[in-house]
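Worksheet: the structure to be examined is printed underneath.
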């Protein structure tokens, strides 16, 4: 079994969560998806195009999809 790697976007999200002291679970709740699906987006297993903008907006990362 290979180790999963975060996408560049996933790294940014994880860094931002640490900065604002928020869990991945809470972020998933705030954007209206499951923790598992959010993880799949961060690891590039799902495009998550429906949620990317919500993540950027909620975390105030200022990136547009």
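Residue count for segment 13-29, restricted to those that are in a helix (DSSP H, G or I), more than 9 Å from the chain's Cα centre (by Cα) and loosely packed, with under 15 Cβ neighbours inside 10 Å: 6. Residues that are closer than 22 Å to residue 4 by Cβ and surrounded by fewer than 13 Cβ atoms within 10 Å (Cβ to Cβ) within segment 46-62 comprise 47, 49, listed in sequence order.
Coordinate-derived values only; no laboratory data. Everything numeric here is computed off the predicted structure, so don't read it as measured data. Cβ sites come from the backbone with ideal geometry, for glycine too, and all protein chains shown count toward neighbours.
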